[in-house]
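Trainee: For reference, the structure I am asking about is given below.
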Amino acid sequence: MGFARCAALLVGWVALLAGCRVPPERNPPPALSAPAIVSVVLSDAHPLAGAARLAVRRLNESRAPSERPVQLEIGPRASAGQVLVPVTADAPGSFAGLILVPRRGSLPESHQVDPAMPLDLLGDDLLAAHALGLYDAVLLAGVVARSGPDATADLLVARLRATAGRFALGEISYAQSLEPPLGPSAIVRELPR
Amino acid sequence: MKPWRQASTTAAVMALLGAVVLAVALQSDGAATPFGPGELDVLVTARSMAAGVWPPLWVGAVHPDATGTWLGAAVLSPLLRLGLPDVLALKLAACAHFALFVGATAGFAARRGGVVAGALAGSVLALGAPALLAAQSKYLATTVEIAGIEVALLWATAELSRRERVPGWAIGVVGAVLGLAIIYSLHAAIVALLIAGALLGTGPRLRRAAWLLIPALAVMLPFSWMRDPLGPQRTGLSVKTLGPGDLLALLDISDLGTLLSRAPFALLHETEHIGPDSPLRLLHVPLAALLAAALLGAVVLAVRRRLPHPELLVLLFAVGTAAPLLVAGDLLGYPAAYRYYAPVIAGAAILLGVGVARAPRRERSVAIGIVAVGACIAPGLFTAPRATATELSRPMAAFFAGQHRLGFAQHPLHTQFLMLTPFVRDDELAGWLQGYGVHVGREFTRQQPTALIELRDEGTSPHVAIPGPVNRTLHKTLPQRWIAAADWLGEPHRQHFLLGVGLGAAEDGVLDARDSALLGALPAADQSAFWQGVGSALGERWFWAGQAVPLVYSQEVPLSESAGNALLGGLVTTGGRDAPSLDRVLAPGLHPSRPLHPTPSLRLAHPHPFTYADLGVVGRGEVPMGPR
């Protein structure tokens, strides 16, 4: 390569580096910064993963300007600071944060099904209750996690206690107890990070 | 000199002339107002790209149908990345497109009729048609910008179709550029038909079709697939939300009448710079008549089968590209539709130049033709007191860009606004927020009823529903979600947004129950900015309509003193010295109990924020549709 070409490349490269690399004059809003991660302890191929994905889709479609996007992680491992939503009671406990354990049992009379819920999850009463329980758990975890940048267990619990609304299994509120009659029960575990 | 080199030289010289003319016009028209409406939209997307954040097509394009604006921003972004000032980058891009347009037209004409033909054709575009200069003075990435590429493609096709053996790669390049051009503007589909006809009319058709189609589709398909998952759905390979059937349904015979009656003044930039009754406009009619005569003459020759193939191609291009004008008049109205004249004028200019140059070989007649065309060209640039259409300062341009952030019912609220706001400069932010506030003030009233119907339809079964905390349709019905768009920016930026909301809500002179709900979602301490916006809207209505119409307000309680002061402040800001008294715009029952003192605490980004709105139409449901 001749000297002229080398010089032209060098000048071009320097110009690119010196140019308008980062035009924004302000940081992106919280809604566009790091996503809140919701981990579901579940195999990716598990049929219930569809319910979790739908719940995260709903979370992201509906977020407010001051809320963060939610990212779903499906798998057996969870890292520190994440909101964990175990499907089974024997979830690994190597994390610090909030666990929402979906209720199992029959569907309550007041339930409501997301119209986009995979039909194969609604085959019988118990399966539907399990699917809606997981859906609620992911929604609640996401609603709590997206509302702020911090994810310490205390803050998450405080936000959870302030969260109330009508979810798939009915009216859910944690103001009185972390084990409400209908919604997922919440467990806080603090372990060294 | 060889004909090819002669044509290239003519093209280059005329392209340079076009660029210089546009640059001089831009400079002389005032550097303080460098933007045209809509230009900053492209710039904000380009800044995002230059920073390495490539927005999805549905966020970066100013409208789902305006995919060209995303591509235009992509063209602009390297210039920003190189560190060029944004206005310079914008205008360089505009000049480059105009240079391509003039150069390709002149080159094609020179190739067919020699230097004289090229010079005449190029001069018509560069000097004789202020309308084209005005349209090209804004870099909006629309049909105007694609016109130069269309002519260049046509020229390349004419060159290729002259050869007996055409290399496949050359057809492939034409196909790829054509595919990109169609994504840029569907207008190029007309050229695609002509090119396909010209290249596939002879030679090995199957092979040529493959070389043309495969690159074209390879370029087009990714854009066709990059659809907005939540936005308006399109059919098939279309990149437009309006299909051909929808467009054809707009047509009727009156469109042809409008097109023909407007054609004599198509060369003139018919904006506020020259009045519709100014005699100066008549100076442009002779050149328009000459261009029309060239088209007509070519049609006669084509019917007699005496028109050479390349000129036939140009004729079909000019006539074919006139067809969208029938729709453009309906969709855009005049003078906005004039920008669609660009390819028609280019085709006519080529035919005129070639016709004069190939007149019967008597030097005198050719000389007379050149002088006649030159005399017709001369008034072009010099009769327009202002040749460009860039009348906005940076804050004004930001105000209009903020209004352009379209949101569809399917989108989460404020998505595009949130994704692009980080790329708005500090000195643009107030205008951007006021503009987005106007958009929100208008759209809440429009979208909330639709959202309520959708919400009702979602709940068709007692056990089927999306939970409320994550239901975007439900959120669209909640005024507090709309009014919270700028909370993350903090003060004082939030106040600018609220000022805009007041402007948008009272744009039609009515504060109905929905507007009141928006107001009610604000704490009392934050309502002053909203009321200043309402007052500004009333003053603006006075400014344009010349009559004071009392505000129609669904609440029957007197305004607070601070709200009254803010409203009065807004009223005098836009209404000027002759602004009507408060008694004339506020019903007696709404008057605050204490005397008022106008306190406009915020400065409007645009002294007349409804400049591009249809204020002549009064009444809810027929409210102004925003900037054009």
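All of the numbers you see were taken from the coordinates with simple rules; none came from a lab. This structure is a prediction, so every number in the text was calculated from the model and none was measured. As a convention, Cβ positions derive from the backbone with ideal geometry for all residues, glycine included, and neighbour counts pool all protein chains shown.
Trainee: Once you treat every alpha carbon in the stretch B:432-586 as an equal point and sum by Debye, what is log10 I(q)/I(0) at q = 0.09, 0.21 Å⁻¹?
Mentor: Debye output, listed in q order: -0.31, -1.27.
Trainee: Counting other beta carbons within 10 Å of each Cβ, put B:Trp211, B:Trp225, B:Trp432 in order, fewest first.
Mentor: B:Trp225, B:Trp211, B:Trp432
Trainee: The stretch B:163-233: D in µm²/s via Stokes-Einstein (Kirkwood Rh, Cα pairs, 37 °C, 0.692 mPa s)?
Mentor: Answer, rounded: 256 µm²/s.
Trainee: So what's the gap between the Cα centers of the stretch B:40-65 and the stretch A:152-169, to the nearest angstrom?
Mentor: Using only Cα atoms to place each centre, the spacing works out to 37 Å.
Trainee: Placing +1 on the Cβ of each Lys and Arg and -1 on the Cβ of each Asp and Glu in the protein assembly as shown, which of A:Thr163, B:Val102, B:Ala134 has its Cα farthest towards the positive end of the resulting dipole?
Mentor: Value: B:Val102.
Trainee: While we're looking at this one, here's another question. Provide Rg and Dmax in Å for chain B, with only Cα atoms included in the calculation.
Mentor: Here Rg and the maximum Cα pair distance are 26.9, 89 Å.
Trainee: Here is a follow-up. Could you pull out every whole DSSP H run in chain B that spans at least 20 Å of Cα extent along its own axis and averages 1.6 or higher on the Kyte-Doolittle scale?
Mentor: Answer set is B:168-184, B:285-303, B:342-357, B:363-377.
Trainee: Please report, in Å, the Rg and the Dmax of the stretch B:369-444, where both are computed over Cα atoms only.
Mentor: Here Rg and the maximum Cα pair distance are 20.3, 62 Å.
Trainee: Magnitude of the Cβ-charge dipole of the stretch B:400-499, K/R +1 and D/E -1, about the Cα centre, nearest 20 debye?
Mentor: Roughly 200 debye for the stretch B:400-499.
Trainee: Based on the Cα gyration tensor of the protein assembly as shown, what are the three equivalent ellipsoid semi-axes, each the root of five times an eigenvalue, rounded to whole Å and given largest first?
Mentor: Each semi-axis is √(5λ); the values are 55, 35, 24 Å.
Trainee: Report, by chain and number, residues whose modeled amide H sits under 5 Å from the one on A:Glu73, excluding near sequence neighbours (fewer than 5 apart, same chain).
Mentor: When sequence neighbours closer than 5 places are left aside, the close amide H contacts are A:Val38, A:Ser39, A:Val40.
Trainee: Under 5 Å between amide hydrogens, which residues at least 5 positions from A:Gly170 or on another chain qualify, with H placed 1.01 Å from N in the peptide plane?
Mentor: A:Gln112
Trainee: If you don't mind, another one. Sort B:Thr573, B:Thr599 so the one with the fewest other Cβ atoms within 10 Å of its own Cβ comes first.
Mentor: Arranged by neighbour count, lowest to highest, B:Thr573, B:Thr599 become B:Thr599, B:Thr573.
Trainee: Ok, one more. Among B:Gly353, B:Trp4, B:Leu291, which residue has its Cα positioned farthest towards the positive end of the charge dipole of chain B, with +1 placed on the Cβ of Lys and Arg, -1 on the Cβ of Asp and Glu, and the dipole taken about the Cα centre?
Mentor: The Cα lying farthest towards the positive end belongs to B:Trp4.
Trainee: Please report the antiparallel percentage of the DSSP beta bridges confined to the protein assembly as shown, to the nearest 5.
Mentor: Roughly 45 percent of the DSSP beta bridges within the protein assembly as shown come out antiparallel.
Trainee: Could I ask something else about it? Let me spell out the model: positive unit charges on the Cβ of Lys and Arg, negative unit charges on the Cβ of Asp and Glu, origin at the Cα centre of the protein assembly as shown. What dipole size does that give, in debye rounded to 20?
Mentor: 3400
Trainee: Grab the DSSP H runs of chain B that are 4 residues or longer, score each as -39,500 (n - 2.57), total them, divide by all residues and round the 222 nm result to the nearest 500 deg cm²/dmol.
Mentor: -20000 deg cm²/dmol
Trainee: Separate question: Can you sort A:Glu171, B:Glu454, B:Glu428, B:Glu145 so the residue with the fewest Cβ neighbours within 10 Å comes first?
Mentor: Fewest-to-most Cβ neighbours within 10 Å comes out as A:Glu171, B:Glu454, B:Glu428, B:Glu145.
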